[in-house]
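Here is the structure we will look at, set down as structure tokens.
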Amino acid sequence: MPGVIGLVEQLNRVQLIEKIDTHLRKTARQLIKLNTLHETLDYLIQSFWKQFKCDYVSILLKEGDFLFNKINKGESTEFEKRFPIKIDSITKQFLERSICAYDIQEETERCELLKSIESEGFSVWFTVPIKESNSESYGVCVIGSRRNVKLVPGGRKLLIEFGNDIAVALELALHKEKDKQKIKGIEWITDNLYLSDSTENLIQGIVEQAGKGTNAESACIYLYDELNQCLVFQLPTYGSFDFPGKIDMSNIVHLSDIFYMLEKEGSIELTVPLVVNLKTIGVLHVVREQGSCFSLEDLNYLRLLSSRVSVLIENARIYHSEKKDKNRLEKMMVHNQELVKQTLVGEGFTELNETLSHLLNCTVVFLDRFLTPISYHLVENEGGTLQSILEVLDQEKLKGISNQLEQWIEFKGEDSLGIWRVVSGKEGLGFLCLKMNKKKLDMALRLTINQALIVYAIQFIKQKQVLEVTEQVKGNFLDQLFSEKILDKRKVLEYCNIFNLNPYERHKIGVFSIDPGEWEGNNNNLLDFEAKKAKITDLLREQLAQWEQNVVLARREGNYVVFVPEKLEKERNEYWNNLYDRIKNIIGLEFPENDVYLGISSTANKIEDYYISYKQAIQTLHIVSDRFPKKGFMSFSGLGSYTVLYNIEDPFVVRGFFEKCLKPLLDYGDKGKDLFDTLRIYLNWNGNLKDTAESLFIHRNSLKYRLEKITDLLDIEITDAEERFNLMLAYKLYDLYDL
């Protein structure tokens with residue numbers, strides 16, 4: 001019988017081992033089919049619990065430096081409380097081989113895991129390492145029973161093999177989860193990033209998926225800038241980066257010269273190019289901590305990611321570029337309308353310059369056909385740039401004016417001076433100068449500049465027509481104002497209002513001219529001389545208006561005429577001297593070698609006096625230019641007898657001289673004739689008081705009183721020899737012409 005019993009027990013053991021083996025193999029095959037770590041662990045626990053009579057099952061997995069109780073089944077009062085447990089506090093035997101309750105443990109081997117198992121008070125327990133034969137352990141499977149159960153000989157070997165199968169299944173599950181996470185990252189990019197997103201949103205989504213998909217510490221993107229031939233660092237990044245903002249590519253042949261791990265695994269850095277239609281548009285770069293290198297799997301993932309996002313980035317760039325161009329064109333249309341509007345309501349080029357400067361975001365300088373600046377508008381913080389531009393233009397003027405419609409001159413930094421000719425038909429009107437980066441001059445900007453050139457030409461023509469009409473009207477006005485007898489006073493007053501000339505103010509008239517000098521004797525030279533004088537008229541009008549708004553300028557009979565309120569002369573010292581210097585400096589811009597002469601009239605008190613004042617100014621101008629050229633300018637009141645001696649045959653001059661010298665005496669009421677005769681006798685006696693008093697049969701004191709009155713009325717120093725000569729000449733003319 002004992003033999004029979006032994007045989008039965010042996011058969012039972014064999015059947016039990018076969019049962020265990022069959023179950024474990026079935027479980028292992030099923031584990032391979034599972035996709036996630038959670039599914040794998042859950043199935044393992046449930047299968048153990050269903051097939052074997054045990055009270056507690058737990059799977060412990062390593063994560064970093066700790067061992068975590070990832071999943072369990074059954075009740076535990078003490079065991080689960082002790083987790084997580086540090087890996088270095090566990091005997092390595094638990095991670096390398098199967099251990100059961102009957103194995104003898106040395107005191108030195110009583111680690112935290114063993115203490116945790118014993119704290120639960122299992123009657124029988126055993127552990128199974130979750131690892132392949134030659135690989136690192138993933139963790140431990142702990143099985144415990146509170147009943148006294150015999151362990152089957154040979155079962156441990158099967159459990160170890162099962163542990164190997166579990167490890168393979170776990171590794172597959174982890175890989176599947178990782179691949180699934182990567183695929184999910186790719187799908188996230190496809191589902192959540194759009195062309196309309198900002199560049200920042202696109203970059204943020206891409207670098208985040210690149211960093212997470214490769215377990216990188218940081219990830220970034222560089223995009224290629226064709227215009228400047230460089231790679232530009234894009235924000236935001238995943239993690240922190242210490243890379244340059246721009247990488248110059250002008251002398252770089254291969255990307256690997258900069259990114260040494262371009263499409264190469266096995267280092268802490270990894271770079272893949274972003275390529276669209278065989279054209280590299282940038283790179284995707286990731287970095288890990290020291291000691292952890294990127295694998296071929298990471299490289300393949302980045303390649304897959306790159307293939308998906310390259311087209312997305314390029315299309316987004318094109319989309320935003322087109323959108324930006326559309327907005328620019330719409331904005332330009334608005335500004336172009338404003339430019340055209342300026343030709344209707346604007347009075348000069350200032351508004352045009354300002355509008356064009358704001359549109360192109362650059363400094364604008366407008367020049368006449370001689371490359372002389374007419375007006376300008378500077379962008380902010382470029383105040384010192386104007387002088388540099390003018391110096392360059394002066395050098396260009398010395399080289400000769402080019403007939404090209406467009407030319408570029410090198411300037412400072414990346415900027416150049418673009419110069420466009422403003423033309424009307426074949427006639428050159430001026431030049432438009434823009435300080436800008438020539439590389440940024442695209443089709444849209446060229447369209448705007450071409451539109452601006454048309455508008456400038458229209459404004460030029462409009463101003464020319466307005467000036468011609470204005471000069472005609474002003475000529476008619478001056479013809480009437482300077483007439484000896486004004487026929488239509490109301491019309492003259494209307495003209496005064498148009499030209500901002502207050503007829504009720506006392507004015508002096510200044511007439512100045514430019515000595516033709518070397519221009520005489522050659523018809524072509526004289527034509528050029530007159531053309532420059534027309535240009536000087538505009539410059540004088542603009543400059544004098546800035547200096548003194550109350551001064552009115554006009555051209556008449558080849559000369560320039562200025563109307564100056566008398567109050568300005570009284571308010572400012574050396575007024576006419578300063579005015580002459582200013583006029584001479586302005587004319588010197590075009591006629592540096594020619595002399596300028598200015599004649600100044602006496603005061604015109606009312607409209608009827610302008611005829612006399614103009615004649616006086618002309619007369620003074622002739623005398624200055626012929627007799628006193630070194631003085632440059634003189635006043636009629638300072639000429640004295642020269643006015644009449646120079647034009648003795650002109651009755652107007654003779655009468656004017658007499659009226660200036662003696663008429664105030666005749667106009668002095670009833671006693672005027674007495675004063676007139678007294679002065680004549682005084683002059684005849686050569687200023688002798690005694691002889692004069694006896695000739696007039698008056699007391700000497702009475703004579704002195706009369707002489708004082710005469711001095712006040714004529715505003716002269718009667719003892720001055722020059723003044724006496726002028727008075728004597730006036731008496732002779734009075735008698736000669738019966739005035």
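The values are calculated or read from the model by the stated rules, or taken from the named source; none is laboratory data. The structure presented is a predicted model; accordingly, all values stated were derived computationally and were not measured. As a convention, Cβ positions derive from the backbone with ideal geometry for all residues, glycine included, and neighbour counts pool all protein chains shown.
Pairs please, first residue from region 575-589 and part of a loop (DSSP other than H, G, I, E, B), second anywhere and crowded, with 16+ Cβ neighbours inside 10 Å, Cβ atoms under 8 Å, 6+ apart in sequence or on different chains.
If the second residue must be crowded, with 16+ Cβ neighbours inside 10 Å, the pairs left are Leu589/Thr372; Leu589/Ile536; Leu589/Leu539.
Taking into account only those residues within region 23-64 that are of a type in the set (Lys, Arg) and in a helix (DSSP H, G or I), which is modelled with the highest pLDDT?
Lys50
Go through region 568-582 and report how many residues are modelled with pLDDT under 85 and not basic (Lys, Arg).
Result for region 568-582: 5.
Please go through region 719-739 and pick out each residue that is in contact (Cβ under 8 Å) with a residue 40 or more places away in the chain and surrounded by fewer than 13 Cβ atoms within 10 Å (Cβ to Cβ).
Glu722, Tyr737
Let me spell it out: the conditions are (1) more than 20 Å from Ser310 (Cα to Cα); (2) surrounded by fewer than 16 Cβ atoms within 10 Å (Cβ to Cβ); (3) touching a residue at least 24 places away in the same chain (Cβ under 8 Å); (4) not small (Gly, Ala, Ser), and Arg288 meets all of them except one. Which number is the exception?
(2)
Each row is one residue, and each column tells you yes or no for (1) at pLDDT below 75; (2) buried (at least 17 other Cβ atoms within 10 Å of the Cβ); (3) more than 21 Å from the chain's Cα centre (by Cα); (4) not assigned by TED's automatic domain parsing to the domain that holds Ile536.
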| residue | (1), (2), (3), (4) |
| --- | --- |
| Leu356 | no, yes, no, yes |
| Glu380 | yes, no, no, yes |
| Glu396 | yes, yes, yes, yes |
| Glu427 | yes, no, yes, yes |
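Report, by residue number, each residue of region 410-466 that is in a helix (DSSP H, G or I) and hydroxyl-bearing (Ser, Thr, Tyr).
Thr448, Tyr456
When only residues in region 104-117 that are assigned to a helix (DSSP H, G or I) and at pLDDT 75 or above count, which is surrounded by the fewest Cβ atoms within 10 Å (Cβ to Cβ)?
Per the stated criteria, the residue is Lys115.
Every residue, every condition in (1) closer than 11 Å to Leu662 by Cβ; (2) touching a residue at least 24 places away in the same chain (Cβ under 8 Å), yes or no:
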{"site": "Ile681", "(1), (2)": "no, no"}
{"site": "Arg706", "(1), (2)": "no, yes"}
{"site": "Leu714", "(1), (2)": "yes, yes"}
{"site": "Glu717", "(1), (2)": "no, no"}
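Does region 590-617 hold any residues that are over 18 Å from Gly632 (Cβ atoms), assigned to a strand (DSSP E or B) and of a type outside the set (S, T, N, Q), and which are they?
Matches in region 590-617: Ala604 only.
Within region 429-450, is even one residue modelled with pLDDT under 75, charged (D, E, K, R), under 45 Å from the mean Cα position of the chain (by Cα) and surrounded by fewer than 19 Cβ atoms within 10 Å (Cβ to Cβ)?
For region 429-450, residues modelled with pLDDT under 75, charged (D, E, K, R), under 45 Å from the mean Cα position of the chain (by Cα) and surrounded by fewer than 19 Cβ atoms within 10 Å (Cβ to Cβ): absent.
Out of region 414-425, which residues are within 18 Å of Leu386 (Cα to Cα) and either among the hydroxyl-bearing types (Ser, Thr, Tyr) or not assigned by TED's automatic domain parsing to the domain that holds Leu367 (or both)?
Listed by number, the list holds a single entry, Ser416.
Scan (1) at pLDDT 80 or above; (2) within 15 Å of Met728 (Cβ to Cβ) for the single condition Lys663 breaks and write down its number.
For Lys663, the exception is condition (2).
Can you say whether Leu67 is modelled with pLDDT under 75 and either β-branched (Val, Ile, Thr) or buried (at least 17 other Cβ atoms within 10 Å of the Cβ) (or both), as far as the supplied structure shows?
The answer is no for Leu67.
Please determine, by comparing only the residues of region 213-223 that are surrounded by 15 or more Cβ atoms within 10 Å (Cβ to Cβ) and modelled with pLDDT under 85, which one is nearest to Ile268 (Cα to Cα).
Thr214
Quick check: anything in region 118-134 of a type in the set (A, V, I, L, M), assigned to a loop (DSSP other than H, G, I, E, B) and at pLDDT below 80?
Within region 118-134, none of the residues are of a type in the set (A, V, I, L, M), assigned to a loop (DSSP other than H, G, I, E, B) and at pLDDT below 80.
In the set Val311, Val286, which member is of a type in the set (A, V, I, L, M) and at pLDDT 80 or above?
Result of the check over Val311, Val286: Val286.
Name the residue, out of Leu274, Leu223, Leu202, that is within 32 Å of the chain's Cα centre (by Cα), assigned to a helix (DSSP H, G or I), within 17 Å of Leu305 (Cα to Cα) and in the same structural domain as Leu312 (by TED's automatic domain parsing).
Matching residue, one of Leu274, Leu223, Leu202: Leu202.
Looking at Ile607, Ile600, Ile623 in this structure, which one is among the β-branched types (Val, Ile, Thr), over 30 Å from Thr372 (Cα atoms) and in contact with a Pro (Cβ under 8 Å, 6 or more places away or on another chain)?
Every option except Ile607 fails the conditions.
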